[in-house]
Amino acid sequence: MSVFVSTQPRLAVTLGEGGQPFEIGLPVLAGEPVEQIFPHARPVGRRGALTLFQAGMWLLGAAKVDIRPGLEHAARQLYGDILDASRQLHLARIWNYVPDINAAGPAGLENYRAFCRGRSLAFEAHFGASFRQQLPAASAVGCHDGALTVIFAATPQAPRHLENPLQVPAYDYPPEHGPRPPSFARATVVPAPAGPTVFISGTAAIRGHATIAPGDLAHQLDCTLENLREISRACGLGPDLAAGPRRTRHFKVYLRHPADLAATAAFLHEHLLRPDDRVCYVQADICRASLCVEIEATLIPG
Ligand code: 3EB
């Protein structure tokens with residue numbers, strides 16, 4: 001008899017030193033399996049499905065919710081909780097892990113699109129008609145564990161939300177991409193005495209609102225890097241996410257196909273990464289079925 005023991009590490013997020021890692025579950029292909037961006041968090045209670053933490057000026061929250069009542073409903077409910085919990089603050093970054101993101105749900109609508117609908121309705125209900133101006137940086141990728149998992153960071157400092165001039169703002173995508181557009185900004189910059197924290201959203205091969213080079217890794221990497229350079233400039237970081245005071249740069253690279261790891265890592269080491277960057281490569285389905293790769297960055301002063 002042989003027993004197969006999986007040694008594939010799974011992505012977890014630690015919301016502060018000494019905290020219990022919050023399991024995301026995505027297969028880690030290379031790099032650090034435990035993401036820790038915010039140090040020194042302490043638990044500060046719960047709100048709805050959310051567990052809340054305070055880390056310096058940051059309010060952090062994490063939740064894993066059952067999607068059996070329907071993904072749109074679950075997203076709307078959970079985002080209602082997030083908006084309530086961060087009422088006195090400003091949302092700066094949200095990480096979304098959406099079950100079977102490219103599969104069709106019971107109503108026939110793709111799960112990502114159902115998620116987008118619930119999320120958008122929650123933002124609109126909370127902020128009213130001008131909700132687009134309040135949308136923070138985000139990412140939304142697939143997972144396979146049957147729960148919608150979301151982590152957010154909010155701050156008392158008024159942030160700047162930025163767009164990439166080469167891309168239509170996601171919140172203005174036309175209806176061909178779904179009944180409600182995705183609710184996020186391309187980047188969010190949060191000022192602080194130690195220097196700004198910069199959140200670059202999940203960035204992929206999208207120009208205007210069209211997918212570039214469907215299914216073609218090499219061309220999508222070129223386009224994604226150009227988009228990263230453009231949003232980097234918009235954030236005042238020059239073309240390489242590097243201008244200004246010293247920052248720790250956390251990159252997360254989502255790959256649809258594990259076989260694309262070597263080519264992607266080689267490309268990024270040649271064109272973007274530096275020796276002291278923190279990098280994690282994970283396998284994840286990306287919100288458009290023809291996208292192979294998505295890259296996010298978080299720059300923390302110090
Ligand atoms: C895109 O640019 C690619 O729905 O929160 C990137 C970042 C993407 C965030 C989201 C989706 C989201 O539309 C996908």
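If you stretched the chain out fully between His73 and Arg160, how much longer would it get, using 0.36 nm times the residue separation minus the C-alpha to C-alpha distance? Spell out each step's value before the answer.
Details: separation 87, 0.36 × 87 = 31.32 nm, distance 2.94 nm.
Additional length available on full extension: 28.4 nm.
Quickly work out the Arg47-to-Ala218 label distance, labels modelled 7 Å from Cα along the C-beta direction, and quote it in nm with one decimal.
4.9 nm
Expressed in nm to one decimal, what extension gain is obtained for the pair Ala266 and Val34 from 0.36 nm per residue of sequence separation less their Cα-Cα distance?
Working: separation 232, 0.36 × 232 = 83.52 nm, distance 2.21 nm.
Full-extension gain reported as 81.3 nm.
Antiparallel DSSP bridges in segment 158-302: what percent, to the nearest 5?
75 percent
Tell me, Phe127, Phe267, Phe199, Phe152 in order of fewest to most beta-carbon neighbours within 10 Å?
On the way: Phe127 14, Phe267 19, Phe199 30, Phe152 27.
Ranked by crowding around the Cβ, least crowded first: Phe127, Phe267, Phe152, Phe199.
Through the Karplus equation 6.51 cos²θ - 1.76 cosθ + 1.60, θ set to phi - 60°, convert the phi angles of segment 153-159 into ³J(HN,Hα) values in whole Hz; use x for Gly and Pro.
Result, ordered by residue: 10, 10, 9, x, 6, 5, x Hz.
So for the pair Arg10, Ala125, with labels modelled 7 Å out along Cα→Cβ, what separation do we get in nm?
Placing both labels 7 Å beyond Cα along the Cβ direction yields 3.0 nm.
Contact order normalised by length for the chain, with contacts defined as Cα pairs under 8 Å and 6 or more residues apart; what percent is it? Numbers along the way, then the final one.
Working: 693 pairs, mean separation 55.3, N = 302.
Answer for the chain is 18 percent.
Only bridges whose two residues both fall in the chain count here: according to DSSP, what percent of them are antiparallel, nearest 5?
Working: 56 of 73 bridges.
Just about 75 percent of them are antiparallel.
Evaluate the distance, in nm, between pseudo-label points positioned 7 Å from the Cα of Ala243 and of Ser290 along their respective Cα→Cβ axes.
3.4 nm
Scan segment 15-44 for GluC sites (Glu not before Pro) in coil per DSSP, keeping those whose Cβ has at most 16 other Cβ atoms within 10 Å, and list them by number.
Taking segment 15-44 and a limit of 16 other Cβ atoms within 10 Å, the loop GluC sites (Glu not before Pro) found are Glu17.
So if I place +1 on the C-beta of Lys and Arg and -1 on the C-beta of Asp and Glu, and nothing else carries charge, what would the dipole magnitude of segment 10-301 be about its Cα centre? I want it in debye, nearest 20. Intermediate values should be presented prior to the final figure.
Working: 27 positive and 27 negative charges, 158 e Å.
For segment 10-301, the charge dipole is close to 760 debye.
Compute the Cα gyration tensor for segment 151-302, then decide on rounded, prolate or oblate, letting a ≥ b ≥ c be the square roots of its eigenvalues: rounded whenever a/c is under 1.5, prolate when a/b is larger than b/c in the other cases, and oblate in all that remain. Mind showing how you got there, number by number?
On the way: a/c = 1.81, a/b = 1.18, b/c = 1.53.
It is oblate, given that a/c is not under 1.5 and a/b is not larger than b/c.
Counting other C-beta atoms within 10 Å, which of Val28, Val44 has the fewest, and how do the rest follow? Don't skip to the answer; put the middle values down first.
On the way: Val28 19, Val44 15.
In increasing order of surrounding Cβ atoms, one gets Val44, Val28.
Quick check of the Kirkwood formula: for segment 2-107, what is the inverse mean of 1/r over all pairs of different Cα atoms, in Å?
Values: mean 1/r = 0.0639 Å⁻¹.
Taking the inverse mean of 1/r over all distinct Cα pairs, segment 2-107 comes out at 15.6 Å.
Classify segment 10-301 as rounded, prolate or oblate from the Cα gyration tensor: take a ≥ b ≥ c as the square roots of its eigenvalues, call it rounded if a/c is under 1.5, otherwise prolate when a/b beats b/c and oblate if not. If you can, show how the numbers build up before the last one.
Details: a/c = 1.27, a/b = 1.06, b/c = 1.20.
It comes out rounded by the Cα gyration axes.
Rule-based calculations on the coordinates, nothing more; no lab input. Since this is a predicted model, take the numbers as computed values, not measurements. Positions of Cβ are backbone-derived with ideal geometry, glycine not excepted, and every protein chain shown enters the neighbour counts.
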